[in-house]
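Only one structure is covered here, and it is reproduced in the block below.
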Amino acid sequence: MNITAFSIGILSFHWYGIIIAIAITVGLAASLWQAKLHNAPLEPLFDFSLCVIPVSLIFARVFYVVSNWSLYQLNLLESLYVWHGGLSIYGAIIGFFFAVYFFTHLNNLSFLYWADILSPGLALGQAIGIWANFVNQEVFGFPTDVKWGIYIDYAFRPAGFEQYDYFHPIFLYESGWLLATFLLLTICGLSYRKNYYNTQGKLFLCYIILFLIGHFSFSYFTLSN
C-alpha cells in the first residue's frame, strides 16, 4: 500500500496522518456524546481539545524518538517528520492524561470526573488510530496462512522470517480489543449515570487496566513494533 494518499501541488497527504486525524476526530465526537449522556457541560471539551490533542501528539512523538534514539541520533531533523510514522502509544496516553490533569487543576474541575468521560472516546480513537500501523506495515505477529493474514513486504520482515509472506495482523486484534473496551466503558458509564459523581475514577481505572492487559498481551505475539 502506498503511504501517500494523494498530493496537491507540492503537498503530499500521507495515509498515516489521515488515519490519525480521523481517529482524533472520532474520539472527540465520542467524548462529546459521552458528555451529553452524563449531562456534563460541553464547553470544557472544546477547551480540552485545544491543549490535550497537541500535547498527546508531542508526547507520543518524543517517547517514540527517545525509545528509538539510535535511529535519530545522527539525524535529529528526522525526528520532526511525524508524517513518516512513529508515535508511541504510551507517550500519547501519558500526554493525554497529563494535559487533562493540569487543565482540570487550573480550572478547578474534577480530574477523575472528566477522565471518566474522556476514557471511552480515547479507547475508540485508539481503535481507529492503530490502523495507521497497517499502512506502515508495523505491529504484526508470526507467519500465518489464515485468510485474514496480511502481506508484509520483504523489506519490513524481521530477521529470520524473510521467507514468509503473510503474518498475523496484531494491530487488527488490538483494534478489536480497544473497540470492545469502548463499548464496555460506555455500557458501564450508562449504568453509573444516576450516581455518576459518586463513582468517579472507575471508568478511568477500568480503561487503564483493560488497555494494559490488551496491549501487553498482544505485544507478546508481536514481531514488529
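The values are calculated or read from the model by the stated rules, or taken from the named source; none is laboratory data. What you see is a predicted model; the values in this text were computed from it and never measured. Don't worry about glycine lacking a Cβ; one is built from the backbone with ideal geometry, like all the others, and counts go over all protein chains shown. Ligands, DNA and RNA are stripped out before the accessible areas are found, and what is left, the full protein with its side chains, is counted by its heavy atoms. Shrake-Rupley method; radii C 1.70, N 1.55, O 1.52, S 1.80 Å.
Does S119 count as touching a Cys at 6+ places or on another chain (Cβ under 9 Å) and not β-branched (V, I, T)? Judged against the criteria, S119 is a match.
Can you spot a residue in segment 47-66 that is among the acidic types (D, E), at pLDDT below 80 and over 17 Å from the mean Cα position of the chain (by Cα)? Spell out how you get there, then give the answer.
As a first pass, look at segment 47-66 and keep what is among the acidic types (D, E): 47.
From what's left, at pLDDT below 80: none.
No: segment 47-66 contains no residue that is among the acidic types (D, E), at pLDDT below 80 and over 17 Å from the mean Cα position of the chain (by Cα).
Contact map, segment 87-98: first residue farther than 16 Å from F216 by Cβ, second residue surrounded by 20 or more Cβ atoms within 10 Å (Cβ to Cβ) and among the charged types (D, E, K, R), Cβ cut-off under 7 Å, separation 6 or more or different chains; pairs are L87/R61.
Looking only at residues in segment 54-71 that are surrounded by fewer than 17 Cβ atoms within 10 Å (Cβ to Cβ) and touching a helix residue (DSSP H, G or I) at 6+ places or on another chain (Cβ under 7 Å), the one that is farthest from F96 (Cα to Cα) is V62. Here is the figure for segment 13-32: residues that are exposed (fewer than 15 other Cβ atoms within 10 Å of the Cβ) and in contact (Cβ under 8 Å) with a residue 40 or more places away in the chain total 1. Given the structure, is Y220 out of contact with any Leu (no Cβ under 9 Å at 6 or more places or on another chain), within 24 Å of S110 (Cα to Cα), at pLDDT below 90 and open to solvent by 30 Å² or more (accessible area, probe 1.4 Å)? No; evaluated as a whole, the condition is false for this residue.
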